[in-house]
Amino acid sequence: MVLKAQAPSDGAVLGSFEETPAAETGRIYENSRAARDSWATLSTVQRSAYLKRFRHVLIDLQEEIADIISASTGKTKTDALTTEVMGAADALKHVEKEAPGLMSNEKVKTPIHFAGKASYINRKPRGTVLIISPWNFPFQLAVSPVAEALAAGNTVILKPSEDTPMVGELLRRLAALFPKDVLQVVMGDPDLGEALTSGNPDFIHFTGSVSTGRKIQEKAAKELIPTTLELGGKDAMTVFEDANVTRAAKAAVWGSFHNSGQVCLSTERVFVQKGIYDSFLTEVKQEAAKLRQGQDTDADIGSMTTRRQYDHVKEQVQEALDQGAVLETGKVPANWDDSNLFIEPVILTNVTPSMALWSVETFGPVMPIMAFETEKEAVTLANDTEYGLGGSVFTSDIPRAERFTAGMKTGNMNINEVLLSVANFYLPYGGVKNSGIGKYHGRDGMRSFCIETSVLADKGTEDNEIIWYPNAGKYDLFLDMISNFWGQRRNWKSFIQSYMNLNKS
């Protein structure tokens, strides 16, 4: 069986690539488990050296990689270079630098009544990690979690999206930079993904739709396999009257139309305070009119990546127009050119909560703009979604921005900025509500690929402990110690005396 790759922009055949049969799942896991002991015994510094080599090869091949990504996804070459190649290189560099410290033993405090003991957290690899990556950023969203998982000492089975098999083949080539079977790249349809999920990995990292994420979570729950699920979003941008309107308008255009809106953190709802609504709308329309569609290095917006996503966006826009939405920029769907997957950016007003466009993820170049009056109303509107991935707020009043951010039920927020929080690898990334479970990136995200063992250590020189048997004669001594240490006023002298008396008993 083969996977055929077609260019989204014009349907041209890009090639055919070998598909991994689902029946091979058992062998794939056997190979991964056979390789993990030797990989795990390397130091984090040694494993990071492999990531460094990966990064250097990536940079040497950056134009070839960007061309492959652009052809496979329909995104512009500049977007392929910056968000994919540069993003992957930055992720690799971050992991190389931070992993040795983050994966090492971490000392923690030990209470004084545990005198003579030390406490620390030991981190070790989980084992074999299954990573299922998406089609919208098929390179960067594969490389980033792979780097974190490998740095932690895991072996990785990576299943890229079947919608971008040419990028999957590229990743398969690059996997040869690591020792045999440390990183296996397998390609296939959802049946392969289901077989891999059922193969009892030690951890699953999935990026994709809510519906598929739920299926993976159900399977993982049966074996108590831990997961990180990075799912969809319906992010809101909120613009207050005191904001820099020009900056906010430019941000809205980039946040809504970047990668043709095929971004989990894409700005899918824009709420603007009434006092600046008209001026904001005017500036947004002016900025949108400047955009150039295509795939070359000067183009701003590429095409959609899949026909099914194109059709989904078309259906949402048509439904909104049928229910009274007003088309401010773009074309009515009847005039879209269905011979390719380009969608001219759409700006809509008069959008209401009854429309799917208000609540259902669009994942396309569509910007609905709605008005609000008060801060309280703005928070309520922005939170009015089953998703909780991210959002942004624009205002010159930073305390208000911080207050607004605190009221948002999302995993990520940007203040006077849009999307960019995900590109700071020091920040953990993940959503709440139906946007997912768990985090990656940042300290805690990187450590999610580890087993954490809490350790309390004693030198072992004493024969007994105060809490050990026998209990005879200790009750009153414990009463004194508890009162002197945890009572309203701490009495150090009496506490120490009680402790010493217990040690003697």
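Quick note: the coordinates plus some simple rules give every number you see, no bench work behind them. Remember, predicted model here, so these are calculated numbers, not experimental data. Here Cβ is always computed from backbone atoms with ideal geometry, including for glycine, and neighbour counts include all displayed protein chains.
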Quiz item: In the chain, with Lys and Arg counted as +1 and Asp and Glu as -1 at Cβ, which of these residues, A88, I276, F203, has the Cα nearest the positive end of the dipole, that is, farthest along it?
Solution: F203
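How much of the DSSP beta bridge set in the chain is antiparallel, as a percent to the nearest 5?
On the way: 25 of 60 bridges.
Rounded to the nearest five, the antiparallel share is 40 percent.
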Quiz prompt | Hz values of 3J(HN,Hα) by residue in the range 262-276 - Karplus curve (6.51, -1.76, 1.60), Gly and Pro given as x | solution = 8, 9, 4, 8, 4, 6, 10, 9, 10, 10, 10, 5, 3, x, 10
Practice problem: Would you mind checking which residues have amide H under 5 Å from M370's amide H? H placed 1.01 Å from N; only 5 or more apart, or other chain. | Solution: V270, F271, V272
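How many percent of the alpha carbon pairs in the range 1-147 exceed a separation of 19 Å? Spell out each step's value before the answer.
Details: 7185 of 10731 pairs.
Roughly 67 percent, rounded to a whole number.
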Exercise. Order by neighbour count: S279, S72, fewest other Cβ atoms within 10 Å first, most last.
Key: S279, S72
Self-check item: Signed unit charges on C-beta, dipole axis of the chain, positive-most listed residue N434, G473, L51
Solution: G473
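Would you mind working out the magnitude of the charge dipole of the chain relative to its Cα centre, with +1 at each Lys and Arg C-beta and -1 at each Asp and Glu C-beta, to the nearest 20 Debye? If you can, show how the numbers build up before the last one.
On the way: 52 positive and 63 negative charges, 441 e Å.
Approximately 2120 debye in magnitude.
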Quiz prompt | Computed over the chain, Cα set: Rg, Dmax in Å | solution = 26.9, 90
Quiz item: Which cross-chain or sequence-distant (5 or more) residues have an amide H under 5 Å from the amide H of I343, H modelled 1.01 Å from N in plane?
Solution: M304
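For the chain, the longest stretch holding no GluC sites (Glu not before Pro) located in a DSSP loop with at most 13 other Cβ atoms within 10 Å is which? Write down the numbers at each step before the final one.
Numbers: sites that count: E223, E373, E386, E462, E465.
My reading of the result: 1-222 is the longest stretch.
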Quiz item: What value, in deg cm²/dmol to 500, does the helix sum -39500 (n - 2.57) over DSSP H runs of n ≥ 4 give at 222 nm once divided by the residues of the chain?
Solution: -12000 deg cm²/dmol
Quiz item: Fewest to most neighbouring Cβ within 10 Å: what's the order for I225, I451?
Solution: I451, I225
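Test of the criteria: in the range 49-127, which trypsin sites (Lys or Arg not before Pro) are in a DSSP loop and have at most 13 other Cβ atoms within 10 angstrom of their Cβ? Intermediate values should be presented prior to the final figure.
Values: sites: K52, R53, R55, K75, K77, K93, K97, K107, K109, K117, R123, R126; in loops: K75, K109, R126.
Passing sites in the range 49-127 are K109.
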Quiz prompt | Gyration tensor verdict on the range 235-424 (Cα atoms; rounded if a/c is under 1.5, prolate if a/b is larger than b/c, oblate otherwise) | solution = prolate
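Do me a favour and compute the ellipsoid semi-axes for the range 87-148 from its Cα gyration tensor, root of five times each eigenvalue, largest one first, whole Å. Walk me through the numbers before you get to the answer.
Numbers: eigenvalues 253, 35, 14 Å².
Taking √(5λ) for each Cα gyration eigenvalue gives 36, 13, 8 Å.
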Practice problem: Starting from the amide H of G15, placed 1.01 Å from N in the peptide plane, find each other amide H under 5 Å away whose residue is 5 or more places distant or on another chain. | Solution: A5
